[in-house]
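To keep things clear, I will list the structure first and then write my remarks on it.
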Amino acid sequence: MSIPASEWLVTGGSGLLGGDLKTLLPGALFPASFEFDVRNYDALRSYVEGKPIRAILHAGAFTSPPKINEDPLRALEVNIIGTANVVRLCAEFGWRLVYISTDYVFRGDAGPYKESDPVLPVNKYAWSKLGGECAVRLYDNALIIRTTFGENVFPYPKAFTDQWTSRLSVSQMAPKLVKAALSEVTGVLHVGGPRRTVYDYAKSLDPEKEIGPLSVNDINFAVPVDTSLDTSRYDSEIG
């Protein structure tokens with residue numbers, strides 16, 4: 001039986017995904033990061049004491065690849081240690097855990113990727129999210145969702161013409177994520193849209209907007225070239 005929204009706690013409420021999740025999960029708890037500091041297990045336990053929680057959707061993370069290159073220890077504390085603390089909390093109380101991961105855990109040379117395909121990140125952001133996945137894998141009552149989403153209006157003047165993705169806008173992606181979270185599916189699940197270049201994705205949001213071409217070779221941090229996702233499991237088990 002699906003756990004009602006009123007019995008969920010969601011991290012990352014102030015992030016890009018958070019606004020849509022608040023609409024789709026009315027009554028869920030959305031603590032601020034200072035209230036529910038994932039780096040501090042005792043603080044997490046103190047916050048949940050006495051609250052009617054049966055599940056956590058862990059969407060909070062440090063997500064900027066260039067900033068993580070500058071401050072990798074913050075990614076260690078938030079994305080790896082913090083996620084391990086959330087796993088520990090769910091394990092202590094027997095709660096369901098849903099962890100929002102990234103398509104960037106893949107090397108990017110063999111998309112579209114299935115859930116069972118080998119992972120090999122090409123940057124520190126993805127390594128930190130994979131570290132979080134490792135912690136979640138130790139807990140059976142958990143679902144790892146690998147996905148990618150962006151703002152409803154493409155925010156940049158240029159987009160990659162040589163990077164392939166399954167990205168959707170956040171308003172398109174959020175309902176899919178919630179549907180998966182509220183299911184009883186566990187393990188790893190890929191959630192995304194059709195395989196296309198980032199440029200084509202950007203144009204799909206606003207065909208009239210002028211967006212210039214960009215190559216992955218034009219930037220100063222590493223990104224995988226093709227992280228498109230095979231969503232067959234989602235299609236068959238979630239629908």
## Note on the structure
Here the averaged projected area of the chain, based on the convex hull of its alpha-carbon atoms and given in nm², is 12.3 nm²
### Task
Report, in deg cm²/dmol and to the nearest 500, the calculated mean residue ellipticity at 222 nm for the chain, where each DSSP H run with n ≥ 4 adds -39500 (n - 2.57) and the sum is divided by the residue count.
-9000 deg cm²/dmol
## Note on the structure
Surrounding charge for Phe149, neighbours by C-beta under 11 angstrom, Lys/Arg +1, Asp/Glu -1, total -1
## Note on the structure
The residues Asp117, Asp103, Asp20, sorted from fewest to most surrounding Cβ atoms within 10 Å, come out as Asp117, Asp20, Asp103
### Query
What share of the DSSP beta bridges in the chain is antiparallel, in percent to the nearest 5?
5 percent
### Query
So, counting K/R as plus one and D/E as minus one, what does the shell of residues with Cβ under 9 Å around Leu189 add up to?
0
### Query
Considering only the other residues whose Cβ falls under 10 Å of the Cβ of Arg233, what net charge follows from Lys and Arg at +1 and Asp and Glu at -1?
-3
### Query
Between the range 1-31 and the range 55-77, what is the C-alpha centre distance in whole Å?
20 Å
### Query
When we measure straight from the Cα of Lys22, which lysines land under 26 angstrom away, once same-chain ones fewer than 8 places off are left out?
Lys51, Lys129, Lys176, Lys179
### Shape parameters for the range 56-155, alpha-carbon atoms, Rg then Dmax in Å
13.7, 41
### Summary
Note on the range 106-239: the mean projected area of its alpha-carbon convex hull, in nm², is 8.2 nm²
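Values quoted throughout were computed directly from the atomic coordinates according to the rules given, and no laboratory measurement underlies them. Bear in mind that the values here come from a model prediction, so they are computed numbers and not experimental data. No Cβ is skipped: glycine too gets one built from the backbone with ideal geometry, and neighbour counts run over all protein chains shown.
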